């Protein structure tokens, strides 16, 4: 995750710059602009509910990818391997929540990136 952060910020900047010249030229599926942020609170009103789909999908797909990558517990595991397994199990549940939170606060294009990279 830490290694990806500079690339995510660069991608965010690229999406912002690209979208400046594309206003009014359509978007992607139900998202009018990929530079839109899902979580816009203005006077207690959350932005368009359809914009919440991409952050939720990013979290769900990340969780599915993590679950598929986890090895099942073997009876012959050493204590250190069991401890690493417990940490990985916690990360399996924590990372999708963090990615969904970040996708809520970044441009929709970043959430779309997370969805496609976890497929």
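Applying 1/(1 + (r/R0)^6) with R0 = 41 Å to the Cβ-Cβ distance of residue 92 and residue 50, what FRET efficiency is obtained, to the nearest 0.05? Numbers along the way, then the final one.
Values: r = 28 Å, r/R0 = 0.68.
Efficiency computed from Cβ-Cβ geometry: 0.90.
Placing a pseudo-label 7 Å from each Cα along the Cα-to-Cβ vector at residue 80 and residue 68 gives an inter-label distance of 3.1 nm.
Rule-based calculations on the coordinates, nothing more; no lab input. Bear in mind that the values here come from a model prediction, so they are computed numbers and not experimental data. Cβ coordinates were reconstructed from backbone atoms using ideal geometry, including for glycine residues, and neighbour counts include every protein chain displayed.
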